[in-house]
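The values are calculated or read from the model by the stated rules, or taken from the named source; none is laboratory data. Quick caveat, the model's predicted, so the values are computed rather than measured. Because the Cβ atoms are built from the backbone with ideal geometry, glycine has one as well, and the counts that use them run over all protein chains shown.
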Amino acid sequence: MKRLDISYFLRQGVGSIFSHGFMSFAAVTVMMACLIITGSFSLVAFNIDHMIAKVESQSEITVYIDEALPTGDAQALKDTIASAANVSKAVFVSKEQALSEFRKELGEDSSLVDGLQDDNPLRNSYRIFIKDVKFYGETVEALKKIPQVASVVSRKDITDRLIKVRSVVNAVSFVLIVMLGTVSLFIISNTVKLATFTRREEIAIMKMVGATNNFIRAPFVVEGFLLGLTSSVTAFFAQWGIYYYLGKTISAGFGLFALVPFSGVSQTAFLFFLASGTFVGTAGSLLAIRKFLNV
Amino acid sequence: MVRLIDVHKTYDNGTKALKGLTLRIDDGEFVFLVGPSGSGKSTVTKMLTAEIRPTEGRVVVNNYTVNNIKSSEIPYLRRTLGVVFQDFRLIDKKSVYENVAFAMRAVGAPQRVIKKRVPYMLDLVGLLHKARRCPNELAGGEQQRVAIARALVNNPSLIIADEPTGNLDPARSLEIMMLLERINSLGTTVLVVTHERELVNRFSKRVVALDGGMIISDRMGGYYQNETARH
Ligand SMILES: Nc1ncnc2c1ncn2[C@@H]1O[C@H](COP(=O)(O)OP(=O)(O)O)[C@@H](O)[C@H]1O
Ligand SMILES: [Mg+2]
């Protein structure tokens, strides 16, 4: 081969894909499904990470005041709370303040809370900063003992629970990546094997007239690569759509758990899809044509 | 150029196909390799194309030593050879033109060279007017001529034809042999495997007779003789 004629391999590869169109379609569909399932779990894990970071950035302990208590009385509790053991600072957050913060967080969906000014479901609260994390548990206990305090939510409770969920999601993602990766590899490999079977006469003649092994293999590698590429690009856009739709549904349901916007992860997601799709496609075809190493 | 020196071939199942074969074919020769079925003729041709390797002895083809040829070198050995089979081995989906062009594409020939060379080859075998036909629209003799054009298109120095007339009637068989003779006269070495005695005896060529994996006769301008074949 004097000059690498890529257009020849491309034409051969594309021709091969369409010569057994149904099988190629099935391979792309299965691979897309695998990518979307894996992608979804990774996005869930990513959102949990994001939530953990968000919770950690907020105050350490939140003390909710009994809703029976008028705002003025709640505000007057400041000294009692600030003098509890190990408390360095207590910041009062009125329920009106909490509502406007919530509204800000919702962003474009803020109309969801429009009717709530007059009948605010949120409670007055204090954000507590502590002196020494060592006595974290004692501080939470001490705050709970104050009679007007309805509940104490510590950051640790939430992050502990999120971290547990995340480790489950991570484990499931890992298992899925391995399993679905294998499934994809298998189906791509079989599609390409079918292609080599349809073209076995041509391959025999190519060998007879002195085509190199790489020359014979190249169109099949191109085929696997293209199948992977098609799967990853379509899977990416499908994932985008699913995420966008889910994000809307979730933020309408529970505003606090609004998903990270897709634009924030789209680049990483695209690279992940592209890399894994083309890798599995190429590896699958190489697996299928191993035997052509032997003349 | 072919050199076989004391070549033995034992297949994996224990069949001794060749038992000490020594044969030399120089450039420009025309050789008939004859012998009854099972005498080892195809084993010789497969060794020349490096499909199989000798168990013992030495095989050299166009300066490649088949005994220890690297698999990456085999394609380059095959580019110096043109192989023709009894069953033609054409691709039915491709036109006559495409079948011949395919052999050039397989070795990376540029399109502009292919465009010139393929019609020239089809003209040489007398089938230029059927270039757009498919192989199954042609008669057997014509299909074999396409296969010969394909074998020649990459300009090999040696043509190996293993029973090229096995599927053809006597008149077509004679045409094919005359075509191979003409190709030889243009400078290509030709080795024809056959067991058709009458056909061989119409030409006055070198005849190498095999039986039981051994050469039992090798004569210039020789006959394919009854007694030797029935040994
Ligand atoms: N791949 C093989 N494995 C085992 N035995 C074989 C194989 N190919 C050929 N033989 C045996 O080797 C002998 C020579 O075969 P072959 O060279 O094909 O003879 P010919 O072409 O003269 O008819 C025969 O006995 C045949 O059965
Ligand atoms: Mg034979």
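Using the structure shown, decide if residue B:46 is within 12 Å of chain A (Cβ to nearest Cβ), among the basic types (Lys, Arg) and more than 9 Å from ligand 1 (Cβ to nearest atom). Criteria not met by residue B:46.
When segment A:163-209 is limited to residues that are within 14 Å of another protein chain (Cβ to nearest Cβ) and touching a residue at least 12 places away in the same chain (Cβ under 8 Å), the one that is farthest from residue B:88 (Cα to Cα) turns out to be A:198. Would you be able to tell me the number of residues in segment B:33-60 that are polar (S, T, N, Q), buried (at least 19 other Cβ atoms within 10 Å of the Cβ) and touching a Ser or Thr at 6+ places or on another chain (Cβ under 7 Å)? Within segment B:33-60, residues that are polar (S, T, N, Q), buried (at least 19 other Cβ atoms within 10 Å of the Cβ) and touching a Ser or Thr at 6+ places or on another chain (Cβ under 7 Å) number 0. Only one of the listed residues (B:71, B:95) is of a type in the set (Gly, Ala, Ser), without any contact (Cβ under 8 Å) to a residue 40 or more places away in the chain and within 10 Å of chain A (Cβ to nearest Cβ). That residue is B:71.
Take residue A:102 and tell me if it is more than 15 Å from residue A:62 (Cα to Cα) and either modelled with pLDDT under 80 or surrounded by fewer than 16 Cβ atoms within 10 Å (Cβ to Cβ) (or both). Walk me through it before giving the result.
On the way: more than 15 Å from residue A:62 (Cα to Cα): yes; either modelled with pLDDT under 80 or surrounded by fewer than 16 Cβ atoms within 10 Å (Cβ to Cβ) (or both): yes.
Spelling it out, residue A:102 is indeed more than 15 Å from residue A:62 (Cα to Cα) and either modelled with pLDDT under 80 or surrounded by fewer than 16 Cβ atoms within 10 Å (Cβ to Cβ) (or both).
Taking (1) crowded, with 19+ Cβ neighbours inside 10 Å; (2) within 14 Å of chain B (Cβ to nearest Cβ); (3) more than 23 Å from residue A:22 (Cα to Cα) in turn, residue A:259 satisfies each apart from (2). Residue B:18 meets all of the listed conditions (1) surrounded by 21 or more Cβ atoms within 10 Å (Cβ to Cβ); (2) out of contact with any His (no Cβ under 8 Å at 6 or more places or on another chain) but one, namely (2).
Among the helices (runs of 4 or more DSSP H) lying completely within segment A:200-295, list those that include at least 1 residues that are at pLDDT below 85.
On the way: elements: A:200-208, A:213-253, A:266-288.
Where helices (runs of 4 or more DSSP H) fall fully within segment A:200-295 and carry at least 1 residues being at pLDDT below 85, they are A:213-253.
Taking the criterion of being assigned to a helix (DSSP H, G or I), under 29 Å from residue B:26 (Cα atoms) and within 14 Å of chain A (Cβ to nearest Cβ), would at least one residue in segment B:119-142 satisfy it? Yes - at least one qualifying residue is present in segment B:119-142.
Being over 25 Å from residue B:166 (Cβ atoms), among the charged types (D, E, K, R), more than 7 Å from ligand 1 (Cβ to nearest atom) and in a loop (DSSP other than H, G, I, E, B) is the filter here, so list the residues in segment B:10-43 that pass it. Scanning segment B:10-43 gives B:26, B:27. From the list B:216, B:176, B:160, the lone residue that is within 16 Å of ligand 2 (Cβ to nearest atom) and not in a loop (DSSP other than H, G, I, E, B) is B:160.
Filtered by the rule that a residue be more than 28 Å from residue B:3 (Cα to Cα), surrounded by fewer than 24 Cβ atoms within 10 Å (Cβ to Cβ) and in contact with a helix residue (DSSP H, G or I) (Cβ under 6 Å, 6 or more places away or on another chain), segment B:144-172 gives B:167, B:168, B:172.
Please tell me if residue B:103 is under 27 Å from residue A:7 (Cα atoms), in contact with a Gly (Cβ under 7 Å, 6 or more places away or on another chain), in a helix (DSSP H, G or I) and within 14 Å of chain A (Cβ to nearest Cβ). For residue B:103, the condition - under 27 Å from residue A:7 (Cα atoms), in contact with a Gly (Cβ under 7 Å, 6 or more places away or on another chain), in a helix (DSSP H, G or I) and within 14 Å of chain A (Cβ to nearest Cβ) - is not met.
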